[in-house]
Amino acid sequence: MEATIVTILALLFLSFVALGVYATVKVAKAAKRGVDRTLDQARRTVEDTTLRAKSFGQAGVAAELAKLRLSLRGSMRATQDALQAGAVEDASLRESLDLFARLSAHGRELDEDLKRLEREPDKAYVAGQLPALTERTERITGSADALRQAARDRARRFAEDDLETLSAQIDVETGALRHWTTTDGRDGREAAAGAEAAQPAWYESTSAPQAQPRAGETPQAITAPDPRATPYPWEKTARPESAG
């Protein structure tokens, strides 16, 4: 019996140790990913700032190369953000993400070529390569811009369709809520009788006077509405009537 208890305690101890090690590894990996993301963002910020400084502070081929790299990086980054955000709600954008991944390979290759030419001492050679590099940059950024704009147009169209459907449903609901509305010239007594006949059961139960409690019975408590139960900021709590 004692050996069984010792074995169970040892297994529990080993399980807790293994769980602690697993949790520690997960936390360490998450922290490493966070640090890597922070370093990547800082590196991109420094590179973008350096490229902007070169494009405005220098002249000649160095400024042109900096402008090409800025245009390429800005277009690719904006398209990546738009596609990744849209793919969360629209699964059909997954194929667009696959196409963008292939386009990104060409974009990275072009960025590396532009970066190497920035260190090229023969400026005449770099100037001769600029027309082909500009055309190549425009083709890649044009494809990226087309994907980004198509994804945004698709999301906007879905939003418009949803709003149109919602508006139609609201129109139907408002018509149902105004079922007591009568045409001009109808007798008021007939309209009142028709409205009373059309009232639902819940209206009668809430609008009818409360019955007086019988002798010996405890009157039921009336629960006041909770003024905090307002899920939307534009809903206001009704102001209580004064006691005088």
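The table below lists the values:
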quantity	calculated
Cβ-Cβ under 8 Å pairs, at least 6 apart or on other chains, region 78-100 side free of Cβ contacts under 8 Å to residues at least 40 places away in the same chain, far side surrounded by 20 or more Cβ atoms within 10 Å (Cβ to Cβ) and of a type outside the set (Asp, Glu)	GLN80/PHE100; ALA87/LEU93; ALA87/SER96; LEU97/LEU83
Residue among GLU120, GLU95, GLU89 that alone is at pLDDT below 90, open to solvent by 50 Å² or more (accessible area, probe 1.4 Å) and touching a helix residue (DSSP H, G or I) at 6+ places or on another chain (Cβ under 6 Å)	GLU120
Count - residues of region 100-117 that are surrounded by 14 or more Cβ atoms within 10 Å (Cβ to Cβ) and aliphatic (A, V, I, L, M)	4
Selection count, region 130-152, where residues are of a type in the set (S, T, N, Q), within 20 Å of ARG116 (Cα to Cα) and surrounded by fewer than 20 Cβ atoms within 10 Å (Cβ to Cβ)	1
GLU120 vs. criteria part of a loop (DSSP other than H, G, I, E, B), within 25 Å of ALA66 (Cβ to Cβ), out of contact with any strand residue (DSSP E or B) (no Cβ under 7 Å at 6 or more places or on another chain) and of a type outside the set (Lys, Arg)	yes
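The values are calculated or read from the model by the stated rules, or taken from the named source; none is laboratory data. Nothing here was measured: the structure is a model prediction, and the numbers come from that model. We place every Cβ from the backbone using ideal geometry, glycine too, and count neighbours over all the protein chains shown. Please note that ligands, DNA and RNA were not included when accessible areas were found on the heavy atoms of the full protein model with its side chains. Shrake-Rupley method; radii C 1.70, N 1.55, O 1.52, S 1.80 Å.
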